[in-house]
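A short worksheet on the structure shown next.
The values are calculated or read from the model by the stated rules, or taken from the named source; none is laboratory data. Model, not experiment: these values are computed from the prediction. A quick note on method: Cβ atoms are made from the backbone with ideal geometry, for glycine too, and the neighbour counts reach across all protein chains shown. Heavy atoms of the whole protein, side chains included, go into the accessibility calculation; ligands, DNA and RNA do not. Shrake-Rupley method; radii C 1.70, N 1.55, O 1.52, S 1.80 Å.
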Amino acid sequence: MIVIIKVSIVALISVIASFAVFMLDKKGFFKSFTYIKREIFIGVLFGIISCMGTEFGVPFDSFILNARDTAPICAGLLFGGPAGIIAGIIGGVERWFAVYWGAGEFTRMACAISTILAGIIAALFRKYLFDNKKPTVLPAFAIGVLVETLHIIMVFITNMNDVARAFTVVKVCAVPLIAINSISVFLATALISLLSRKQETRDLSKLKPISYSFQKWLFACVVVIFASTTLFSWRLQTYLSRSETRKIISVNITDVQQDISDASDANMLKIAHEVADQLDAAPEIEISLLKELYLKYNVAEIDIIGPDGKITASTNTKFIGFDMGSGKQSAEFNVLLEGEKELVQEYQPISYDPSIFRKYAGVALERGGYMQIGYAAEQFQRDIDEQIIGITKNRHVGEHGSLIIADKYGLIVSDRKNYQGKTLDTTGFKIDWHSVPENRLFKQNVYGNPSYCMYVISEGYFIIGVLPVEETMRTSEVAIYLTVLLSIIMFGIQFVALYVLVKYIVVKKIQKVNDSLAQITGGNLNVVVNVRSNSEFASLSDDINMTVDTLKRYIAEAAARIDKELEFARIIQMSALPNTFPPFPDHKELDIFASMNAAKEVGGDFYDFYMVDDSKLAFIIADVSGKGIPAAMFMMTSKTLIKSLATEGNDIATVITAANSKLCENNEANMFITAFMGCLDLKTGKLEYVSAGHNPALIKHGDGSFEYLPKSKTIVLAAMDGYPYRAQEMLLEPGDMIYTYTDGVTEATDSNNELYGEPRLKDALNAKSWDNMEELCKGIKKDVDEFVGDAPQFDDITMLAIRWRPK
């Protein structure tokens, strides 16, 4: 505090000198002086005071604190630009040579340049911002802060080869230096303003110019924004420091975690292949062989899975007969039935009993099916402990941080300090694992240093990352100081730039630019901004136009990319539908054809047909609510589910009822499906069918005409769980035709908003005798297209036609 008072007293010399010069001027001392002579006189006077600031500097924490810049700022702002420049040059040159009689060498260049700049900046502000008039107190204070902030930044700029020492100087001197000089300028300006105030009635009819009002409010806004930005920057840098620390530790933990995982996987697969080789070599797989291998390799279990995906033999008899496809964890291994050779999983709950944890590896067997071995945590850790020892030896977290691997008992397996076999307490690391979750950053004293720590559990091990707090905060403090200092400079520059631009040339040009921008933001991207009164606005116009052009290009590219991806989706969807006709060459008595035309790239309609046994054909046509990708995904789920239920031998009423229950589960999107499903006995002609809120099918008996089946009062699928669907029956005669469709046919709309409709569909079907079902479907599609004309297709158009013609 004493040091601050001493430096403040030196700074007050400039305040006293400002008062004295003002009073001399008021008393007419300078009447005989020319302007240049007056400026030189005042400049030399304040230059001498600036030199006094250097010579009477006060030692402060191994540095010299002074108030040298106050004098040229006061001279330039209060008495004229030339006076400020002269004072700054005198003070700066003297500071440069002062090292020969004891001034500091480290900040020599920064201080000399900053003092000269102090006078120049003050002169520029007075001339261009204040119209060669004295400023008010708040702008003067802000200029003092701005100049001293530049002084502090110059310490960094001129000492880039020793940033650590420069930061120490800044950390020690920044706040007192900025405070003393800016407050001194404030006091000098306030004193002069008080003395120069006229004691006469204010002329209320004389309003202040808009430039003054704008200056005042702009300054207020800049101060508020700066304060907010500074607070935000401080909080942000603190957050970023912790975030970066967490990221650094996380990256290193992830690397080690991957190494452990790789070691675990390699070990499991090695044993799995050895077991598989011995099983393949055996004539038959007997339980005695499995037990022998179980004991030999000391595994938790060995399972044999047949080609049907069920466990046929196991060292754990409870597992025999278990369907691997019935659980998410176990189902992953069924890829070994589809051509994959090996698979290894992480340590996790098993599908058979989630209370049991295992790590499994599986290998395909040459005789068909596959085998898998299972490890419990103790066996797994024992086998790879040796591989993990030393894994963190040469790893560094940051510069001085480290990694520690410990087992579940808290014994160190690997670290940089060679503490293997010792408990974590020996490092100083103490934590309640239950109270601190994984991946959370927390503080601990580790190896004697306050450190940030984070841990994860991988394959039964604790992987702990440690980074000293001192290392993380050093970077953060430098960033915070630089951010605040640069913010002051940038806000000062922005204030000046905005004020000058608004005062002279900006308002009208910005308004013109804004008019064009309003059209662009309103959606008219063809507007061209063409304000070219000067290079800046020409550049702004070009930048805006370039940005708009880039935006238009990005929009076009995004649209093209989406179209391409949707086309891929369409191809995938269409490939999932039967598209080979005739589909069953062995069944000459069956003529069947189907087609789907999606309103968008992908659709929600689908059809399917398949033989459920040698003589029964199951077929379905359905329409999912909605369009596009969501409908297509729901469609694929529904199609797969229904086919799975049908091929299990269920009757179609059971299939539809069970499918409805499944589809109701987790149907958060509230989607639904209309469906018509039938089952045709190709030997007898017996047709069973179920409608779930779908359009009525049409049937043609013999040489008669097409007629609609009676509409059934049923609800759509996925709307009400537990709804019982019932099948209808009828007997077909040879040559009978069945035509099913989705509402995209009957609700196709022409340009006059007229629907194609059911009567027109019936008439089109009866308009001719169809040679085959492909001709029928294509003929109806052509008739719909001719009716619609140029009107867009709003819904998917899907149809399926069958003719039964036994010998």
Under a 1.4 Å probe, counting only protein heavy atoms, PHE568 has an accessible area in Å², nearest 10, of 110
Multiply the residue gap between PHE97 and ALA556 by 0.36 nm, knock off their C-alpha separation, and tell me the result in nm, one decimal place. 158.8 nm
Where does the charge balance sit around VAL612 when Lys and Arg score +1, Asp and Glu -1, over other residues with C-beta under 11 Å from its C-beta? -3
If the cut-off is a Cα-Cα distance under 13 Å, which aspartates and glutamates reach LYS422, setting aside same-chain residues fewer than 8 apart in sequence? ASP407
Net charge within 12 Å of SER451 by Cβ-Cβ distance, Lys/Arg positive one each and Asp/Glu negative one each, not counting SER451 itself? -1
How long is the gain from VAL175 to GLN348 if the chain were fully straight, where each residue apart is worth 0.36 nm and the alpha carbon distance is subtracted? 56.6 nm
So if a site counts as exposed when it's one of the GluC sites (Glu not before Pro), its DSSP state isn't H, G, I, E or B, and it has at most 11 other Cβ atoms within 10 Å, what's the longest stretch of the chain without one? 400-647
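Applying 1/(1 + (r/R0)^6) with R0 = 35 Å to the Cβ-Cβ distance of SER228 and GLN519, what FRET efficiency is obtained, to the nearest 0.05?
With R0 = 35 Å, the Cβ-Cβ based efficiency is 0.60.
Rounded to the nearest 0.05, what FRET efficiency is calculated for LEU411 and ARG474 with R0 set to 41 Å and r the Cβ-Cβ distance?
The calculated FRET efficiency here is 0.75.
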Counting sequence-distant residues (5 or more places) and residues on other chains, those with an amide H built under 5 Å from that of LYS627 are none
Taking the simple approach of a point 7 Å from Cα along Cα-to-Cβ for both GLU754 and LYS564, what is their distance in nm? 4.4
HN-Hα J couplings of the range 425-437 from phi, Karplus 6.51/-1.76/1.60, θ = phi - 60°, integer Hz, Gly and Pro as x? 4, 5, 8, x, 7, 9, 7, 8, 4, 6, 8, 10, x
Less than 16 Å from a label point 7 Å out along the Cα-to-Cβ axis of PHE29: which backbone N atoms in the range 1-22 qualify, by residue? 13-22
Under 15 Å Cα-Cα from LYS686, which aspartates and glutamates qualify once same-chain neighbours fewer than 8 residues away are excluded? GLU589, ASP613, ASP614, ASP651, GLU729, GLU733, ASP736
Tilt relative to the chain, helix 377-388 - C-alpha long axis, 0 to 90 degrees, to 10: 50
Per-residue HN-Hα couplings for the range 313-321 [Karplus 6.51, -1.76, 1.60; θ = phi - 60°; Hz; x = Gly/Pro]: 8, 7, 6, 10, 4, 4, 7, 5, x
At what distance in nm do the modelled label points of GLU399 and VAL251 sit from each other, each positioned 7 Å from its Cα along Cα→Cβ? 1.7
For the range 1-68 and the range 692-721, what is the separation of their C-alpha centers, rounded to whole Å? 102
Could you tell me the distance between the Cα centroids of the range 329-349 and the range 132-202, to the nearest Å? 71
Built amide H within the under 5 Å cut-off of ASN597, gap 5+: ILE797, THR798
Subtracting the Cα-Cα distance from 0.36 nm times the residue separation, let me have the gained length for PHE56 to ALA767 in nm, one decimal. 244.7 nm
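Using only Cα atoms, what Kirkwood radius does the chain have, in angstroms?
Value: 36.2 Å, from the Cα pair sum.
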Run the reach check for LYS564 against lysines, Cα to Cα strictly under 22 Å, same-chain hits fewer than 8 apart removed. What comes back? LYS552, LYS600, LYS627
For the range 217-287, state what percent of all Cα-Cα pairs lands in each successive 5 Å bin, counting from 0 Å until the bin that includes the largest distance. 4, 12, 9, 9, 7, 8, 7, 7, 6, 6, 5, 5, 4, 4, 3, 3, 2, 1, 0
With θ taken as phi - 60° and the coefficients 6.51, -1.76 and 1.60, list the Karplus ³J(HN,Hα) couplings across the range 287-304 in order, rounded to whole Hz; mark glycine and proline as x. 4, 5, 5, 4, 5, 4, 5, 4, 6, 5, 9, 6, 9, 6, 6, 10, 10, 10
Probe of 1.4 angstrom, ligands and nucleic acids ignored: what's the accessible area per residue over the chain, in square angstrom? 51
Taking the range 689-760, which trypsin sites (Lys or Arg not before Pro) meet the DSSP loop condition and have no more than 15 other C-beta atoms within 10 Å? LYS711, LYS713, ARG726
What does the charge dipole of the chain about its Cα centre add up to, to the nearest 20 debye, if the Cβ of each Lys and Arg holds +1 and the Cβ of each Asp and Glu holds -1? 6780
Quick one: if you stick a label point 7 Å off each Cα along the C-beta vector at LEU441 and ARG235, how many nm between them? 1.6
Can you list residues whose amide H is under 5 Å from ALA748's amide H, if they're 5+ apart or on another chain and H is modeled 1.01 Å from N? TYR756, GLY757
In Å, the Kirkwood hydrodynamic radius of the range 631-769 over pairs of distinct alpha carbons? 16.5
Is there a quick way to get the dipole size of the range 523-639? I mean about its Cα centre, with the Cβ of Lys and Arg at +1 and of Asp and Glu at -1; what is the value in debye to the nearest 20? 280
Please work out the FRET efficiency for the pair GLU536 and THR136, using the Cβ-Cβ distance as r and a Förster radius of 22 Å; give the result to the nearest 0.05. 0.15
Express the relative contact order of the chain as a whole percentage, based on alpha carbon pairs under 8 Å and six or more residues apart in sequence. 7
Less than 12 Å Cβ to Cβ from ASP795, Lys/Arg counted +1 and Asp/Glu -1: what total charge do the surrounding residues give? -3
